[in-house]
Structures are given as structure tokens and as C-alpha cells.
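One structure is given below, encoded as C-alpha cells.
Every number in this text was worked out from the coordinates using simple rules, so none of it is lab data. Values in this document were obtained by computation on a predicted structure and should not be read as measured data. Cβ atoms come from the backbone with ideal geometry, glycine included; neighbour counts cover every protein chain shown.
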Amino acid sequence: MSGGVWREWTLVLLAAAGYAGENSQLSAPVSGYVFDGARRQVRPILGTPGASTIGEALDFGFAVSAAYVAPRQEAALVTAVDGTVHLFQIQSGSAVELALNGFATAKERVVFSPSGTAAALYHSGSIEILNGLADSPIVTSSFELTTAGVPQSMALSDDGALLLLASGRSIELFASGANLGTLTDTAGPAAVTFAPGKHDAAVADPLGAGIVWFRDLTGVSDSQVVAVPDDTIQAATAVAFLADGHSLLVASPAGQSVIALNLADGTRRAIPCACAPTALAPVGSLFRLNEFGADPLWLLDTQQGPARIVFVPAAPDPGPAPRP
């Protein structure tokens, strides 16, 4: 190949590489979305697990103070700086607002059901249950709580019918807004979760019973301790079911691991992490283990082969956050 032709091909390849770099966010697969609290932005995780970066923020058309992305990543509840709450569908990297009435005040806590079909919104001692998040959002129940303070942990079933609320040293069960009473007492702060598509639930009572599995809370319910409070379980900060509903995950920051519990045979194994996992928040097919910030974002991947924990490098500091 002559020198002139070689130079021409080199220029073509360099131009193509530059074009690909400029458009990488458009072509790269999106593993999920995370809320950047420092910048008040929802940002995509670009690439595949283990080879990901943080992309540019979604445009909601207004300044954001808080945002909560549903587990399947197709919807987000976004609070504007004026306190109004908005619901968006996320389609192909763009945010499309859906009509959402009745939410005039910012929420102190938002908890999605395991599959993201419903959400429980807490504000000043009241709970609102929102169903039909994918396309037809509607408030199906609203009720006041008798407990004081923000609940330590909440969990909602996928049909929006059952709500578990951990406060003080007890777990209360609500059905369609009616308080059915105490499900169980705990020895201290506890974490709760529901299984996808079921009324099975789990309670992490790290200072008391340990990890307890409750089957069919609206039928002939029974419970089983699946992990006693050893040193690892006593450090538990979060609990979640895998998609099949047959395994539980427990985040243990002191143990620098996530514990996988097989509910069928009672076996357990530790998935090590060079981090201190404090959360188990579904992000598409992954679980987010910490908040997005200046440090790397840690993710649990359970989809291919043995479960593993990977990280997304921290995004460069872009400077001061924009003024609202």
C-alpha cells in the first residue's frame, strides 16, 4: 500500500473513532440508571457489567432535587426543586412525562415493589400507594400511620396490596391501607422485602432472630429462620429476593460481602466485595450496593454464571452543582 493511500485510510479510521467516541452514549448498552445526589441528576450506566462507565444525565426539563428510578428502569419518580412530583417513562435514553395528579409535596421516602409495578410514597406520617407505573399510574390507597418518625424500612408487594413497615422494634403489615397489626417484633432496627410477584416476604432482624422468611402473608402464613445472627448477619443492612423468589441476598458491610441464601436447602455462600455494601437496590438485572458518589459504584451481577460483584469507576468531578 502506498504512503498516500495509507495516510488516507489512517484519516478515515481516526475520523470513525472520533465519531464513535462522540456517540458512545447513543450506541452503548444501558445497564441501568442511578441518581447523582451531588449533581441532582439521573445518569445511565453505560456498557456491560464489569466494563461500564457513567453517562450524561437525562433531561427532565426542570431542575431536580431528588429522583427514584424503578427496578426495571422504565420509570422514574422525580421531585422538582419547587417540591412537585413528576412521573417519567424512560425510553431509549429519553424521559417522557406521564400525567400524575395529587402529589403536590415532595416525598421523604419512595419504595418500589420488587418488579417496579407499584410504589409506596411516604410523607409526614402518611402513605400513598401508586399502581400502574408502567403506563397508567393511579393512587390505589392512602392512609395515615400511627408511628412517629420516618420508617426505618418499607417493602411493597408487586400488586400494591401489601405493605410492610419497620419502625422501632416491630414490623407492621398493611393490606389495601388497613393495618393488620404486628407481623413480628424485632430486637432493633430491621430491614424488610417482598419476593417478586408473590406475597412472600423476608425480615432482616440482625440483633434478634436473624433472617426470617415469611410465606404467603395473605394465606396460610408461616415463617422460618433461614440464617441465625452470627457476626456476618448481625451486620446486615439490607435484604432482597432474587428474581426467582427462591434465594435471598443479604448485604453485610462488616463482612465486605453479600450473602446468598438458598431457601430450598438452607445453604449459604459469601460473594466477596472490595467494598462495604449497604444496599441491595435493583438496577435492571443488577443490584446496586452503595450510593452513587465520589467513590466507585458497586454492582452485584447474578445473571451469568456465578454471582459476582463489579464496579463502575467514579465519574470525574464536574465542579460545582448547577444552581436550581
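Taken along the Cα-to-beta-carbon direction at a fixed 7 Å, the label points for Ala314 and Asp159 span 4.6 nm. Given a Förster radius of 25 Å and the C-beta distance between Gln256 and Glu108 as r, what FRET efficiency does 1/(1 + (r/R0)^6) yield to the nearest 0.05? Efficiency computed from Cβ-Cβ geometry: 0.25.
Taking Leu263, Leu248, Leu87 in turn, the Gaussian network model of the chain (Cα-Cα springs below 10 Å) assigns the largest fluctuation to Leu263.
Mean separation of Cα pairs under 8 Å and 6 or more residues apart, divided by the residue count, gives the chain a relative contact order of 11 percent. The Cα-based radius of gyration and maximum Cα-Cα distance (Dmax) for the chain are 21.7, 83 Å.
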